[in-house]
Amino acid sequence: MTPAILVTLIVLWQLVLVGYTFTLAGNAADEAARAGTAASPGARQGACQAAGTDTLSGAWSSGATVTCATGGGMVTADVTVRVPILFPGTLSFPFDVTGHAGAVEEETD
């Protein structure tokens, strides 16, 4: 019975890590899009990428990619994060989780 309980706990823990990775990717994309709208058009790309990576903790930021785009009055950000296996910062699954967010560009007077 003990091995069945341990396997169940390991599977549940891994599912928690997958869910947390989805949450982190979405939050990082939101922060990146917000930072991109607040920056001037010339500095928008750098501000967006910096905000997206700064939001992630060390274990998740190592394999993360942040892509920002501007068009049609919107700033969009896509953050891709690797899902760790059991312990963040060690091994990762061969699939990624992507968070997407957009925000309307701020007007300057």
Checklist entry - Is it true that some residue in the stretch 60-67 is open to solvent by 50 Å² or more (accessible area, probe 1.4 Å), within 15 Å of E106 (Cβ to Cβ), out of contact with any Pro (no Cβ under 6 Å at 6 or more places or on another chain) and among the β-branched types (V, I, T)? => result no
Checklist entry - Of everything in the stretch 17-49 that's assigned to a helix (DSSP H, G or I) and open to solvent by 80 Å² or more (accessible area, probe 1.4 Å), which residue is farthest from E105 (Cα to Cα)? => result Y20
Checklist outcome for this item: Checked L24, L17, L12 against criteria (in contact (Cβ under 8 Å) with a residue 40 or more places away in the chain and out of contact with any helix residue (DSSP H, G or I) (no Cβ under 8 Å at 6 or more places or on another chain)); the one match is L17
Item to check | All positions within the stretch 79-109 that are assigned to a strand (DSSP E or B), free of Cβ contacts under 8 Å to residues at least 60 places away in the same chain, surrounded by fewer than 20 Cβ atoms within 10 Å (Cβ to Cβ) and in contact with a strand residue (DSSP E or B) (Cβ under 8 Å, 6 or more places away or on another chain) | outcome: T80, S92, F93, F95, D96
Next on the checklist: Where the second residue is open to solvent by 70 Å² or more (accessible area, probe 1.4 Å) and not in a loop (DSSP other than H, G, I, E, B) and the first is closer than 15 Å to M74 by Cα and of a type in the set (D, E, K, R) and lies in the stretch 34-47, which pairs have Cβ atoms under 8 Å and are six or more apart or on separate chains?
Outcome noted: R44/T70
Checklist outcome for this item: Residue hits (the stretch 22-54; of a type in the set (V, I, T) and modelled with pLDDT under 90) are T37, T53
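The values are calculated or read from the model by the stated rules, or taken from the named source; none is laboratory data. Keep in mind it's a predicted model, so treat the numbers as computed, not measured. When we count neighbours, we look across all protein chains shown, and the Cβ atoms used for this are built from the backbone with ideal geometry, even at glycine. Note: accessible area is taken over every heavy atom of the protein model, side chains too, but ligands, DNA and RNA are not part of it. Shrake-Rupley method; radii C 1.70, N 1.55, O 1.52, S 1.80 Å.
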